[in-house]
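Trainee: Handing you a structure now.
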Amino acid sequence: MMNHKRGRRIKAFTLIELLVVIAIISILSAILFPVFARARENARRASCMSNMKQIGLGMMQYLQDYDGSYPPFMWNSLTTQTDASLPGAKFNVKWGSTGHYVSWMDIIYPYVKSTQLFVCPSHTEGDDVPSYGYSDAFSGYDTFAYGGNAYNWGGSWAAQLPMKESAVTRPSEVFLVVEYNSVNSVYANPIDMGEYARGDGGRSSLVVTPHLDGGSVTFADGHVKWMNRTRFLSLGTSSSRCNPLSPTDIPYCSRDWNPFIQ
């Protein structure tokens, strides 16, 4: 359309042309916004995997210094962390009750030297909730359920001694630390992992699989890998103890979680 003003011709858009431009912008936005969101989540996943790699290295260094023993899930009593620079002062964890206790994160802190390593940028359960869970097969919280020997540790505790590295079969295949944005990080286990992944009872799958419908895992040899949520969906709810010599289809016999099965 041409307008005349002071002897000059001025070109302007018609209504149809404006609507076409708006439609094109809308289509491009619909295409590009998911791409941008995926790229952003990929960056968060990479940051999270870096955290978990550092945690794995910290675990390996602890093994070297403590005669091949994995760190315990907690100190041998409900000791409150009073040093504000350490993970126990930043994060609440649950053992009997919930509190700022000295946990596995404090125990490996001398090797990782950062509380921020225990925070995934995609997790949303609160600033005082850790992002990662330590397998209770290794930590001594419930090694017995996987088929290990039950040696009491810490007087009247019902817990067992942490595992020895020499007792672990298939260290490159067994989960050591998982994404688990929960106060229950001191006893990550396959039953809870499956329930969160499936969303049982209103649980949010984002607690364990926050990255592009998946979550990252640190294995017993220290390497890290991202896993699709489908890897956790088949884990059942049975709490029966596993017999590693004759494994059955129960959570504690899962080859991803059980360090005793050949």
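Throughout, read-outs are computed from the coordinates displayed, never taken from laboratory work. These numbers come from a predicted model, not from an experiment. Here Cβ is always computed from backbone atoms with ideal geometry, including for glycine, and neighbour counts include all displayed protein chains.
Trainee: For the residues Trp257, Trp104, Trp95, what sequence is obtained by ranking on other C-beta atoms within 10 Å, fewest first?
Mentor: Numbers: Trp257 26, Trp104 31, Trp95 20.
Ranking Trp257, Trp104, Trp95 by Cβ neighbours within 10 Å, fewest first, gives Trp95, Trp257, Trp104.
Trainee: Give the long-range amide H neighbours of Tyr180: residues separated by 5 or more places, or on another chain, with amide H under 5 Å away, using H modelled in the peptide plane at 1.01 Å from N.
Mentor: Under 5 Å from the amide H of Tyr180: Tyr132, Gly133.
Trainee: What's the exposure ranking of Thr230, Thr143, going from fewest to most Cβ atoms within 10 Å?
Mentor: Result, fewest neighbours first: Thr230, Thr143.
Trainee: Here is a further query. Between rounded, prolate and oblate, where does the chain land on the alpha carbon gyration tensor, with a ≥ b ≥ c its root eigenvalues, rounded for a/c under 1.5, else prolate if a/b exceeds b/c? Can you show the working numbers first?
Mentor: On the way: a/c = 3.10, a/b = 2.31, b/c = 1.34.
Here the chain falls in the prolate category.
Trainee: What is the spin-label model distance, in nm, from Asp65 to Ala84 if the labels are put 7 Å beyond Cα along the C-beta direction?
Mentor: According to this spin-label approximation, the distance is 2.5 nm.
Trainee: A further question on this structure: With an 8 Å cut-off on Cα pairs and a minimum separation of 6 or more residues, tell me the relative contact order of the chain in percent. Working shown, then result.
Mentor: On the way: 511 pairs, mean separation 49.6, N = 262.
Reported as a whole number, the value is 19 percent.
Trainee: Further question: If you stretched the chain out fully between Lys53 and Arg170, how much longer would it get, using 0.36 nm times the residue separation minus the C-alpha to C-alpha distance? Could the numbers behind the result be given before it?
Mentor: On the way: separation 117, 0.36 × 117 = 42.12 nm, distance 1.85 nm.
Contour length minus the Cα-Cα distance gives 40.3 nm.
Trainee: Want the number for Ser77 to Leu245: 0.36 nm per residue separation, take away the alpha-carbon distance, what's left? Walk me through the intermediate numbers first.
Mentor: Values: separation 168, 0.36 × 168 = 60.48 nm, distance 3.36 nm.
In short, 57.1 nm is gained.
Trainee: Now, a different point. Charges at C-beta only: +1 for Lys and Arg, -1 for Asp and Glu. How large is the resulting dipole of the chain about its Cα centre, in Debye rounded to 20? Numbers along the way, then the final one.
Mentor: Values: 22 positive and 21 negative charges, 381 e Å.
Dipole magnitude for the chain comes out near 1840 debye.
Trainee: For Cα pairs less than 8 Å apart in space and 6+ apart in sequence, what is the mean separation divided by the residue count of segment 187-262, i.e. the relative contact order in percent?
Mentor: Numbers: 100 pairs, mean separation 20.9, N = 76.
The normalised contact order for segment 187-262 reaches 28 percent.
Trainee: To make sure I understand, if each residue's beta carbon is the centre and we count other beta carbons within 10 Å, what order do Leu15, Leu176, Leu57, Leu206 fall in, fewest to most?
Mentor: Fewest-to-most Cβ neighbours within 10 Å comes out as Leu15, Leu57, Leu206, Leu176.
Trainee: Note the full-extension length gain between Thr124 and Asn228 as 0.36 nm times their separation in residues minus their Cα-Cα distance, in nm to one decimal. Kindly include the intermediate steps, with their values, before the conclusion.
Mentor: Working: separation 104, 0.36 × 104 = 37.44 nm, distance 1.94 nm.
Extra length from Thr124 to Asn228 when fully extended: 35.5 nm.
Trainee: Now, a different point. Scanning the chain for helices, which whole DSSP H stretches are 30 Å or more long along the axis (Cα) and average -1.0 or more by Kyte-Doolittle? Present the calculation step by step, with values, prior to reporting the outcome.
Mentor: Working: long enough: 15-65 (75 Å, 0.79).
Qualifying helices, which must be both long enough and hydrophobic enough, are 15-65.
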